[in-house]
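Asks: Below is the structure I would like to discuss, written out as structure tokens.
The values are calculated or read from the model by the stated rules, or taken from the named source; none is laboratory data. Predicted model, so just to flag it, every value in this text is computed and none were measured. Cβ placement follows ideal geometry from the backbone for every residue including glycine, while neighbour counts extend to all protein chains displayed.
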Amino acid sequence: EGVGPQNYTLIKLQVKEPVPECLKPIHEQGKKIFLAPGTLRPETMYGQTNCWILPTGQYGAFEMGNGDVFVCTERSARNMAYQNLTTGKGEYKCLAKFTGQDILGAALKAPLAINETVYVLPMLSVDEEKGTGVVTSVPSDSPDDYASLQDLKNKAPFRAKFGIKDEWVLPFEVIPIIDIPGYSTTSAIKACQENNVKSQNDRALLDKAKETCYQKGFNDGIMMVGKYAGRKVSEVKKIIKDEMIAAGEAVEYSE
Ligand code: A2H
């Protein structure tokens, strides 16, 4: 938002078996398929509990230059074509088109995540015109993610409406990954409580909570897990991002 480019890290969440129907032909060709959420907080990937898509959103599976297949919006694939990510400059090959609904419940392997498997779930505030239209969920440090996960956990009719199985949601607890001394080890829960956030629809309250978490997380946060436990977020954020990129688990993307 605002002026100037936004630089995201796209995290590669690999689709596991059983692969959704709409991705099967691609999977059967032996290609690796990834959901590719854009994040500004690569250091939080330890705490991933699920991955958000917009159920009514239009998505595609796009071939990258190295043979990987990314699930994202066509708009973002077009941008990737000018960032040396696809098969050629200005060129992006679409292998399948589908809506978000078609991939709900897909099982994913997420880099750095303490959870071995995370599932694709619906979030109604996903913006198709931002990033890749895919968002990885870290409810410990993102108020939007926390409020949306709570909505799914607390509202059985909401799960039923989208055909969400209990086992994709209920076993997933918020994982403390960043300590903000004097504030919380789960800043999103604290900020949602302070701002009286009741659901994912409380847009203005969520924006205040989000700002608090983002500022405090960067300025005061201390990693509690992983290789850099005990180090300041501000010191290790870029290192963690660069290591994921070097390991082939993430790429840079801007818009
Ligand atoms: B962030 P900005 Cl832990 N629709 O990643 C809605 N939200 C989107 C999106 C889209 N199309 N694409 C990305 N995002 C989210 C982690 C995180 C994020 C944490 C804390 C705060 C936070 C885990 N979710 O963002 O509008 C993604 O969520 C708070 C700013 O481009 C991405 O980073 O500034 C962030 O919004 C990008 O927001």
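Asks: In contact (Cβ under 8 Å) with a residue 60 or more places away in the chain and over 27 Å from G217 (Cβ atoms) - does that describe any residue in region 40-56?
Replies: Checking region 40-56: at least one residue is in contact (Cβ under 8 Å) with a residue 60 or more places away in the chain and over 27 Å from G217 (Cβ atoms).
Asks: For region 1-108, list the strands (runs of 3 or more DSSP E) that sit wholly inside it and hold at least 1 residues that are more than 12 Å from the ligand (Cβ to nearest atom) and in contact with a Lys or Arg (Cβ under 7 Å, 6 or more places away or on another chain); which are they?
Replies: Details: elements: 7-11, 13-15, 33-35, 50-53, 58-63, 69-72, 93-99.
Qualifying strands (runs of 3 or more DSSP E): 13-15, 33-35, 58-63, 69-72.
So that you can scan it fast, the table gives a plain yes or no per residue for (1) at pLDDT below 95; (2) in contact with a strand residue (DSSP E or B) (Cβ under 7 Å, 6 or more places away or on another chain); (3) within 15 Å of the ligand (Cβ to nearest atom); (4) part of a loop (DSSP other than H, G, I, E, B):
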| site | (1), (2), (3), (4) |
| --- | --- |
| L121 | no, yes, yes, no |
| D127 | no, no, yes, yes |
| K130 | no, no, yes, yes |
| T136 | no, yes, yes, no |
| P139 | no, no, yes, yes |
| A147 | no, no, yes, no |
| Q150 | no, no, yes, no |
| K153 | no, no, no, no |
| A160 | no, no, no, no |
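Asks: Oh, and also: With A229, A188 as the choices, which residue is among the aliphatic types (A, V, I, L, M) and assigned to a helix (DSSP H, G or I)?
Replies: Working: A229 fails: assigned to a helix (DSSP H, G or I).
Just one listed residue meets the conditions, A188.
Asks: Here is a further query. Quick one: count up the residues across region 189-207 that are out of contact with any strand residue (DSSP E or B) (no Cβ under 6 Å at 6 or more places or on another chain) and buried (at least 17 other Cβ atoms within 10 Å of the Cβ).
Replies: So the count comes out to 9.
Asks: Go through region 76-99 residue by residue and tally those that are surrounded by fewer than 17 Cβ atoms within 10 Å (Cβ to Cβ), within 17 Å of E252 (Cα to Cα) and in contact (Cβ under 8 Å) with a residue 24 or more places away in the chain.
Replies: 2
Asks: For region 109-119, give me each residue that is outside any strand (DSSP E or B) and either touching a residue at least 60 places away in the same chain (Cβ under 8 Å) or not charged (D, E, K, R) (or both). I'd like the intermediate steps shown before the answer.
Replies: Our first condition is that a residue be outside any strand (DSSP E or B); within region 109-119, this holds for 110-117.
Residues satisfying the conditions are A110, P111, L112, A113, I114, N115, T117.
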